[in-house]
Structures are given as C-alpha cells and as structure tokens.
Amino acid sequence: MSLFSDVPLAAPVAVFKLTADFREDPAPNKVNLGVGAYRTDEGKPWVLPVVRKVEKMIAEDDSLNHEYLPILGLPEFRSSASKLALGEDSPAIKEKRVGAVQCLGGTGALKIGAEFLRRWYNGNNNTKTPVYVSTPTWENHNGVFANAGFEDIRPYKYWDAQKRGLDLSGFLGDLESAPEHSVFVLHACAHNPTGTDPTQDEWKQIAEVMKRRSLYPFFDSAYQGFASGNLEKDAWAVRFFVSQGFEIFCAQSFSKNFGLYNERVGNLTVVAKDGDSLNRVLSQLEKIVRITWSNPPSQGARLVAITLTTPELFDEWKGNVKTMADRVLLMRAELKAKLLSLGTPGTWEHITQQIGMFSFTGLNPKQVEYLVKEKHIYLMASGRINMCGLTTKNIDYVAESIHEAVTRVQ
C-alpha cells in the first residue's frame, strides 16, 4: 500500500477546470469567458509589440549571463516597478522609505507579504490578527493568507447584488467595527471579480476610517494601466493612501499589463514610516524569500525594467496597454447595447459602469449552467465573465444566449 493512500483528491481549480472543459468541447460555436487573460478580436493571445522588441534586445546582449540575481531581485526592476505604482515624484520615494521585493507574479507578492505580516506585524509571530477580504474576492486571497498561518480571515461587505454596484455603507461599517490593526486586502483597481471600484471620493472615505481605526492596507494591484488605459488613474488609490501617511504593502502583477502570464513577474512594494523601518522590514523579507524560492528569475523582470526605464519603449508600452484597455471598453459598450436592443429583462448599466477585465453580470448559477450546457458559453458559476473573451464575431451569439438564459431560466 502506498504511503500516500490516505491523501484525498483535491478539487480542481475552478477557472482552470473551466478552460479544460472548454478545450474538450467539440462545439464549433463555443466561447470561453472564464480564463483571466487578454485575447485579441481573433480570440488569440497577444504578445505586446514592445515585448517582442525588448526580447530581441535581451537576446542580442552578449554582456548578459545566467548568474543569480540578488535575493530581493533585479534592482532596476524593483525600483521602476515601485515608481510605476507610487509615481515618479512620490515623496515617499524621495524620502527613501520605499523598497521592494521581486516576486513570482502577483500571487508571489501576496504570499511573501502575508508571510511577513504573520511573522512580524502587530506582534511577533501573530496568527490571530484579523485579515479582511472583500465579498466576493479573488479566490487566492483567502488561500494565500490562510496558508501563511493567519487563523482569522474575515469577509468585508463590498458587492451590492441588488443595485449591482459597491456596497459602500456596508464596507465602511465593517471598517468601523474591525479590531484595530486588522489587515484589509484592497483591490487597487479593476476589482476581481466584480469590476466595481470605489470612486475617488469613496476611496477618501475608506482611507479616513482606516486611518482613524489604525487598519493596515494591503493593496493588490494586478491591472494598472490595463483597467482604464491610464496608469495614473489606475494607481490613484494606492498613491492617495501613501499621501495620507499610511504604511502599506502593494502586490503588483505584470501578467496582464505586459501580457507576461507565464513569466511570473511580480513585485511587492513596501512603503514604511522611515528608512530605518524599511531596512529592517526588507531584511526580514529577504529571509522569507531565501527559504521560499531563494532567488527570482531574470528574464521577465529584465524585460519590464528595460521597458519602464527607456522613454521611447515606455511610451510604446503605454500605447500597447491602451490598445488592450480600449478593446475591453468597446466590448463592454457593445454587449450592453445588444442586451438593451434585445430587451433583455433586468438592468445592464453595470456592464459599462464596471471596469477592467471582468464583469459581474448578475447571472445566477442556473442561468450560468444553461449557458454552459446548452449554449457552450463557458463562464464562472458566480456569473463573472472575462470581457476579453468577447469578439466582434461572437458577441451577437453571446448576447442572444444571455437573453435566452435570462428569459427562460429563473
């Protein structure tokens, strides 16, 4: 008998199981609205032109080798990524109280940050600190913090299903009632899965309560530039919190805005109260990285660093990002218009009020099941769809199928 006979079979990760089911479906009209990756209007992955260009530059640079990077990562990547999040002229950067850790994607940045907080935040090796995640949130948020050893992971109100928008009063109420020094995981922009973000005025209200209640903001910034097409707009919340004197962690991902899904390029930006605190935090983060992956890979980080620090490449990249954002915005407008023209019951204004890759449609599980089984349109059971899966060729079919699901299935 195997030593592992008692190991239970884990449930598959839902979004990847959905993709596997899609691939096995022989239907010619099938549509995948599940996977969280950009697709062109032809339904194909897109390698950004600026990425192709920089890859060739790296390949032709004979001075490069395969020596280990520093434990905390490629210095020019870390500094340029933090500047992207906080702004070139950030007072915190000028005051030398900003540092960073190159990580394996946004998930790696969350993981390293969570491990540090569990060990050192609000008391040595404190597993009892409450960690709050939005309802709903990206599924990995719960898993990462639980796996790091936090025992008290709580939901905070976020989505109002009736109005299909932000439950601001519920959110603020949970902030008010949270124990002091609780950690709140905040989506910097393009909230996953709802696509619903606070306005700037609402962010100010959130920050005011968090500051007064001594709550710690841990930002997850996975879509800067990709959400609206504007880097500054998508970073507004992070920069505002820093301007209000918060110490923060900000997990950055370059999967979406650079299309580097399989390179796993992430960064954990740390904003501390002063330089001495920063150095001590980074020293402990280095210890955590050393026993996790020891040293990060160089290719993706080098590609991002070259792009962000070369003015003409940076401008080209911003254009590439805007191309992706604009296509998503166009698909939102088209889907809403088609549902309205079909007279589909319910309100669909939220489709264009939301932002980023995902839309929380409001479809219920039975309607989702109908779309998957009867129409071969694959989406998450929550009703979340990836707007990038829509194209000019399939949007009529998708809209008509949604109309059919809503009118036939309650």
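If you check D174 against the conditions, is it of a type in the set (D, E, K, R), assigned to a helix (DSSP H, G or I) and open to solvent by less than 50 Å² (accessible area, probe 1.4 Å)? Criteria met by D174. Out of the residues in segment 203-240 that are within 20 Å of the chain's Cα centre (by Cα) and among the charged types (D, E, K, R), state the one that is nearest to L175 (Cα to Cα). Taking the candidates together, the pick is D220.
Assess whether F249 counts as being of a type outside the set (A, V, I, L, M), in contact with a Gly (Cβ under 8 Å, 6 or more places away or on another chain) and open to solvent by less than 20 Å² (accessible area, probe 1.4 Å). I'd like the intermediate steps shown before the answer.
Details: of a type outside the set (A, V, I, L, M): yes; in contact with a Gly (Cβ under 8 Å, 6 or more places away or on another chain): yes; open to solvent by less than 20 Å² (accessible area, probe 1.4 Å): yes.
Yes: the conditions hold for F249.
One residue stands out among those in segment 372-383 that are aliphatic (A, V, I, L, M) and farther than 22 Å from T196 by Cβ: the one that is surrounded by the fewest Cβ atoms within 10 Å (Cβ to Cβ), which is V372. Suppose we filter V328, V238 for residues that are in a helix (DSSP H, G or I), of a type outside the set (D, E, K, R) and touching a Leu at 6+ places or on another chain (Cβ under 8 Å); which single one remains? From the options V328, V238, the qualifying one is V238. Filtered by the rule that a residue be more than 15 Å from the chain's Cα centre (by Cα) and not in a helix (DSSP H, G or I), segment 241-252 gives Q244, G245, F246, E247, I248.
Checked against (1) part of a helix (DSSP H, G or I); (2) open to solvent by less than 20 Å² (accessible area, probe 1.4 Å), T129 passes all but condition (1). In segment 149-171, what residues are surrounded by fewer than 20 Cβ atoms within 10 Å (Cβ to Cβ) and touching a residue at least 24 places away in the same chain (Cβ under 8 Å)? The answer is G149, E151, D152, R154, A161, G165, L168. Screening A190, A207 for residues that are touching a Gly at 6+ places or on another chain (Cβ under 7 Å), among the small types (G, A, S) and not in a strand (DSSP E or B) leaves exactly one candidate, A190.
The values are calculated or read from the model by the stated rules, or taken from the named source; none is laboratory data. As the structure is a prediction and not an experimental result, all values here were calculated from the model. All Cβ positions, even for glycine, are placed from backbone atoms using ideal geometry, and neighbour counts span all protein chains on display. Each accessible area value is taken on the protein alone, full model and side chains, heavy atoms only, with ligands, DNA and RNA left out. Shrake-Rupley method; radii C 1.70, N 1.55, O 1.52, S 1.80 Å.
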